[in-house]
Amino acid sequence: MFTNQTWPTPSKPDSGQEPTNRQRRRLIGGAIGGAVVALLSYSGRVMAQEAAAPGDPFILLLKGIYGPVVDAPDLGLSTVDLNDSSYTTTKIYPVFGITGSTNDENQGNNAVGNFYVRAGPMTQTGGKLCAYEIPGGAMAMRFTDGGFSSIPHPDGHGGQFMEGTFELTVLEANGIYGAFQGGHNHMVDKLQKLADGSFDELCFCVISQYQFP
């Protein structure tokens, strides 16, 4: 690693250049040092923002067509096993109170994580498990029995919409979401079963530390 020391150079009497070179080196060194300090300060602020705990509640959007889980990640959760081939996945977008959520026109355009749920219609609650992979940690949840109400209707293209709400209990939460373990997730869902049998999701998730009765 280079230091602030300079290589010795032959003296040039009466050249008048050496004082100028020393001054130049001092100016350059000072500018570089200032830039490094500014960069470290900025990086520290960014890291702090990325590690910031979410609001209570915070809101996520599940959006997109469900697909198979490929190269299942280790979420550090014991409740779900994403390697058992029964899970399907779609994308998570930030809405409110979480890293990535904004108030500008680009809100919701950039996915920040992945949602995993056992394959099959969301209406088959019966103890169904799901998991959220989001910045700073992960959560595992269980759909509560009887916690679903819906109004099905045709989509006009050979498929069907299923609109309603779900209630879920947060079974596990790690990372910056630890305080939400034992909390609640209220889903407002518009799930579309397409004519080809696949499912297209549009679901808002209001996640809080409040324990739903």
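In the range 165-203, which residues are out of contact with any Lys or Arg (no Cβ under 7 Å at 6 or more places or on another chain), over 17 Å from Ile59 (Cα atoms) and surrounded by 17 or more Cβ atoms within 10 Å (Cβ to Cβ)?
Glu172, Leu191, Gln192, Lys193, Asp200
So, in the range 111-142, exactly how many residues are in a loop (DSSP other than H, G, I, E, B) and at pLDDT 90 or above?
Keep residues of the range 111-142 that are in a loop (DSSP other than H, G, I, E, B), which gives 111-112, 119-128, 135-136.
Add one more test, that the residue is at pLDDT 90 or above, and what stays is 111-112, 135-136.
So the answer is 4.
Any residue at all in the range 175-191 that's more than 21 Å from the chain's Cα centre (by Cα) and touching a residue at least 12 places away in the same chain (Cβ under 8 Å)?
Looking through the range 175-191, at least one residue is more than 21 Å from the chain's Cα centre (by Cα) and touching a residue at least 12 places away in the same chain (Cβ under 8 Å).
The values are calculated or read from the model by the stated rules, or taken from the named source; none is laboratory data. What you see is a predicted model; the values in this text were computed from it and never measured. Glycine gets a Cβ as well: all are built from the backbone with ideal geometry, and neighbour counts include every protein chain shown.
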